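Following: one structure in structure tokens, then a few remarks.
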Amino acid sequence: MSRAVGTMCRPAALGYILAFGSGLGITAGAHRLWAHRSYKAKLPLRLTLLVLNSLAFQNTATDWVRNHRLHHKYSDTDADPHNASRGFFFSHVGWLLVRKHPLVKEKGKTIDMSDIYADPLLRFQKKYAVPFIGMISFVLPTVIPMYFWEETFNNSWHVAVILRYVHSLNVTFLVNSAAHIWGNKPYDNKIKPVQNLAVSFLTIGEGFHNYHHVYPWDYKTAELGNNYLNLTTKILDFFAWIGWAYDLKTVSPDIVHTRMKRTGDGTQSLGMG
């Protein structure tokens, strides 16, 4: 029994590391870099984020960006792919189980994707999605524990791959669901996105959603970076320090606080500082 538990710890540890890395592929890559262009990245960082984004396997970055830009432009309407007005289940996972609303298809064709189509790395990922993403997200995480640690296929596949993948998907989906339902609205009380500390913790910084929908171009996605709850921002700050990330966009505190007084619900920004 103890031996069986011990053998599962190694693929579990690998799965945790891969889950964290794949999270960065979404938060720092697909979201903050490619969807919102909130900062610029040099080739080494772009390559790193492409690999991590492929590890996450939430379709290609191109598909992810189109859906996300559509989500921001038509947030919580029928043209929003994961419209939170249709309830928690739909915005969390139901939108993937049914046909797209006609407005999602119609408005999706109007989204400007020229910058994404012009990116050779994203074109490569899109063209070779099946072998490239399949190798990074499923094959290597299975083979590495089997080869280096003599793990069984069963442990490697179900722990380092399937458990990690299901966990990563549901954590990301919480931004679409929970962060549009439960929390406060210190920046704009007339929109559905909220500040949700639990989601921010799980998604390494993506739960300060009321702020993000007011200022989507801010690379921090949160006022003042929000300390330990926003690890993505801290990691981007590190890459900016070594010169791999640059032109990081942000919003001045004066503008933020003026907006809070004008349209917020009067509550304090959770995690502020």
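Numbers for the structure displayed
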item: The lone exception for Lys192 - which of (1) assigned to a helix (DSSP H, G or I); (2) at pLDDT 95 or above; (3) under 25 Å from Val93 (Cβ atoms) it fails; result: (1)
item: Filtered residues of region 195-217 (kept if not in a helix (DSSP H, G or I) and not charged (D, E, K, R)); result: Gln195, Asn196, Thr203, Ile204, Gly205, Gly207, Phe208, Tyr215, Pro216, Trp217
item: Where a residue in region 20-31 is outside any helix (DSSP H, G or I) and its partner, wherever it lies, is at pLDDT below 95 and among the polar types (S, T, N, Q), with Cβ under 9 Å and at least six apart; result: none
item: Candidate set from region 26-37 (those that are of a type outside the set (A, V, I, L, M) and either at pLDDT below 95 or surrounded by fewer than 22 Cβ atoms within 10 Å (Cβ to Cβ) (or both)); member that is farthest from Gly108 (Cα to Cα); result: Arg37
item: Number of the condition not met by Asn170 [criteria: (1) in a loop (DSSP other than H, G, I, E, B); (2) within 18 Å of the chain's Cα centre (by Cα)]; result: (1)
item: Those residues of region 218-231 which are in a helix (DSSP H, G or I) and either touching a Leu at 6+ places or on another chain (Cβ under 8 Å) or of a type in the set (Val, Ile, Thr) (or both), in sequence order; result: Leu229
item: Residue within region 113-132 that is surrounded by 12 or more Cβ atoms within 10 Å (Cβ to Cβ), under 20 Å from the mean Cα position of the chain (by Cα) and acidic (Asp, Glu) present; result: yes
item: Some residue of region 176-188 being under 30 Å from Asp254 (Cβ atoms) and of a type in the set (Asp, Glu); result: yes
item: Asn53 at pLDDT 95 or above and farther than 20 Å from Asp112 by Cα; result: yes
item: Failed item in (1) more than 16 Å from Asn176 (Cα to Cα); (2) more than 20 Å from the chain's Cα centre (by Cα); (3) in a helix (DSSP H, G or I), with Arg99 passing the rest; result: (3)
item: Qualifying residue in region 128-145 (condition: in contact (Cβ under 8 Å) with a residue 12 or more places away in the chain and outside any helix (DSSP H, G or I)); result: no
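The values are calculated or read from the model by the stated rules, or taken from the named source; none is laboratory data. What you see is a predicted model; the values in this text were computed from it and never measured. With ideal geometry, Cβ positions are generated from the backbone for all residues, glycine too; neighbour counts draw on all protein chains shown.
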